[in-house]
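A.B. asks: Below are the structure tokens for one structure; questions will follow.
The values are calculated or read from the model by the stated rules, or taken from the named source; none is laboratory data. Here the structure is a predicted model, which is why all the values come from computation and not from measurement. As a convention, Cβ positions derive from the backbone with ideal geometry for all residues, glycine included, and neighbour counts pool all protein chains shown.
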Amino acid sequence: MPHSGSQMVNTLQRGGSPIIRVTEEAKVAVIDVLGAESYRVYSIIGECTVFSDNVQYQIIPAVMEIDTLVSSVTADEQFDLEIQPSKCRRKKSIVWEYFTVKAVGADCARAYCKQCKKSFAYVSGSKLAGTSHLKRHIDLGICPASRQKNQQKPYLKTSSSGDTAPKKRARATPGYGSITFDQERSNQEIAKMIILQDYPLQIVEHQGFIDFVKTLQPQFNVLSFNAVQGDCISMYLREKQNLLNLINGIPGRVNLTLDIWTSNQTVGYVFLRGHFIDGDWNAHHPILNVIMVPFPDSDDSYNKTILTCLTDWHLEGRVFTLALDQSFSNETVMGSLRGLLSVKNPLILNGQLLSQNCFARVLSRLALDALWAMRETIGKVRESVKLVKISKSHEAKFLELKQQLQVPSTKNLLLDDQSKWDTTYHMLVAACEVKEVFACFDTSGPDYGMTLSMGEWMQLEILCTYLKHLFDAANILTTQPYPTANLFFSVVSKLQVELTHASFSQDPFLSNLIKPLQEKFDQYWRESCLILAASVALDPRYKMELVESTFCNIFGENAEPWIRVVEDSLHELLHEYIVELIPFTETNGDEGNDIMIKTEPCEEGSIDGSFFIDEDGFPDFEIYISDITNNRIKSELDQYLEEPLLPRVEEFDILSWWRLNGLYYPTLSRMASDILSIPLSTLSAESVFDTQIRKMDSYRSSLSSMTLEALFCTKDWFQCQSLPIDASNALVKR
């Protein structure tokens, strides 16, 4: 049908000279033949050919007003296909690979099958037959020559009728014609996909994956398990070298955490993660090693993993602290670890900071102990919630009762996941809010047999109160990944105060419930309070003022010795940093090699021979070192502590503050970077509330130790953005 308006149209062209202009319309071409001398063209897409009086007209894109009556060319302007074949545009239909057009007379041309030589009507007078009947000749197997070839090639894919169908020519996508396929980059992208999404390496051999990729890119060469495994390991080795370069360039030390996974094969897996701050005061927490331990219960199993880590990452003499779950290690193991680190690492504060317990594991054990003490009552609550949640009719009845009783609640009832203790806490809180509804639901439901007395509900509410203290303390480990150490002092000390007060309660139920928990946590507090206090003292919002007030609240009249221990430890630690950072310069003279200390410029005449090493030893040199270190300690640590406290704002970036003030406190800032990066937990955020040790699945257990480490480490490095994701570089070949 006719259209009007100005839009993209086509031009009827003869031999390069435009004759008529016609409208382009999407997907359909319609030509009304008005006579031998004129045509009305409503819509044409792309290129086509029109024959009239043995004249061929070519259609190409143009723009004009549509719905235009146009005329054919004159006899003088006609041209013959045999004379000017180069002027003809290439036909795009796939049928022309099987047919050729020949003129058989005036105003008549026929299409001849190249295989069976049969002819078909194509142009007769002013009528164009089109190509549909030509396609049917090939597609439906009518052509005898084509059918005979198909029988000789049974492996060819056939159409629904059983015969080989000519493939449709793929339509080119605008703007992508110049892009070439890169097999190597595709291999790297597949390796990165497998690493990031935890896909099995065998996915590249799955038929569904192969068909999918072949549909996207027929040129893609299918990968084998060994090939993609090699690509993953190569990517790991490249990123490992980048991370090693980063660690080698940091000014401070590295803190380590050690976590343990189990498996169905009774084989253990040790995860070693490094925690450090680089020269730009950016915190990093990459997994360094994943090591299989055949006998995790042996006393020296952890020593071997530590040695491997120190060797792989050039960390001998650079480890500041080690945190682990001490429930998996006895005194022999801990003593062995301390001995190893003291040999491979210079002792700092006589090794007091080397071994730290995992805060998250401590909290989980306390929560499990409290839940176990009330396991029977909690079991009744769990069954009651299950009865309500498993049936829509029961849940509707429960909600109806709740509305009738006008019981306010802020939590939704849910069944807990017993592998996560926080879900049990949330279930108990929600159930306590609607205890009145449960009481009424008891009388109206014939299948309801788990009744709780009001006394049991009161005990559950007391339990929830102290589970909330544990939950709030653990929540700091989930709100941000690996928070700096200064944030833990107030959290841990507050929990210590709450548990201590509850353990001395006059309520026998409360004291009996909390006292065992308090005794265990008190041990953790006493072992960790030094590092916690030192870290918060390096927070310019609190310094020693918070330490002093907290210790007075906890220790009472005995607070002074504890405060003095923290102050003395900070001065001693800074003294060790100053001695370590004093630069030595060797100078070659006529009388031998003399070693001098580069310090601040001295007044003229103040230097004499006593500053140089004599033949008997270093007495004057040692006195000089002692004098300058004492002066530096006073000029940095004491000056820092004497400065006014900063306002206590919630959005305070302590690492940025030390980066900006590092010029004023060069040695103290170096010490602060090591202390603030100390990890208090060995677990990632998603495992903080776990009640069980994580288990390696059967698929990963079947992988080689090298492949397993490559998959875990590289994924962690990519996700934590310790290193930029760059899969376009060349792979490192083993």
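A.B. asks: Return the residues of segment 682-702 that are buried (at least 17 other Cβ atoms within 10 Å of the Cβ), without any contact (Cβ under 8 Å) to a residue 24 or more places away in the chain and in a loop (DSSP other than H, G, I, E, B); say none if nothing qualifies.
C.D. replies: Of everything in segment 682-702, nothing turns out to be buried (at least 17 other Cβ atoms within 10 Å of the Cβ), without any contact (Cβ under 8 Å) to a residue 24 or more places away in the chain and in a loop (DSSP other than H, G, I, E, B).
A.B. asks: Can you name the number of the only condition in (1) modelled with pLDDT of 90 or more; (2) farther than 25 Å from LEU581 by Cα that LEU310 fails?
C.D. replies: Condition not satisfied by LEU310: (2).
A.B. asks: Right, here's the next one. Would you call ALA672 in a helix (DSSP H, G or I), out of contact with any Cys (no Cβ under 6 Å at 6 or more places or on another chain) and not polar (S, T, N, Q)?
C.D. replies: yes
A.B. asks: Further, regarding this structure: Taking the conditions exactly as written (more than 43 Å from the chain's Cα centre (by Cα) and surrounded by fewer than 20 Cβ atoms within 10 Å (Cβ to Cβ)), does SER453 satisfy them or not?
C.D. replies: Criteria met by SER453.
A.B. asks: In segment 703-723, which residues are surrounded by fewer than 17 Cβ atoms within 10 Å (Cβ to Cβ) and polar (S, T, N, Q)?
C.D. replies: Scanning segment 703-723 gives SER704, SER705, GLN719, GLN721.
A.B. asks: Got a sec? Which of LEU387, LEU371, LEU413 is at pLDDT 95 or above, buried (at least 18 other Cβ atoms within 10 Å of the Cβ) and assigned by TED's automatic domain parsing to the domain that holds CYS464?
C.D. replies: LEU371
A.B. asks: Counting only residues that are more than 22 Å from SER673 (Cβ to Cβ) and among the hydrophobic types (A, V, I, L, M, F, W, C), which one in segment 302-323 is surrounded by the fewest Cβ atoms within 10 Å (Cβ to Cβ)?
C.D. replies: LEU307
A.B. asks: Would you mind telling me which numbered condition in (1) closer than 30 Å to TYR482 by Cα; (2) part of a loop (DSSP other than H, G, I, E, B); (3) among the aromatic types (Phe, Trp, Tyr); (4) at pLDDT below 95 TYR199 fails?
C.D. replies: Going through (1) closer than 30 Å to TYR482 by Cα; (2) part of a loop (DSSP other than H, G, I, E, B); (3) among the aromatic types (Phe, Trp, Tyr); (4) at pLDDT below 95 one by one, TYR199 breaks only (4).
A.B. asks: Against the conditions (1) without any contact (Cβ under 8 Å) to a residue 40 or more places away in the chain; (2) touching a Pro at 6+ places or on another chain (Cβ under 9 Å); (3) under 29 Å from PRO286 (Cα atoms); (4) not aliphatic (A, V, I, L, M), where does ASP472 fall short? Just the number, please.
C.D. replies: Of (1) without any contact (Cβ under 8 Å) to a residue 40 or more places away in the chain; (2) touching a Pro at 6+ places or on another chain (Cβ under 9 Å); (3) under 29 Å from PRO286 (Cα atoms); (4) not aliphatic (A, V, I, L, M), only one is false for ASP472: (2).
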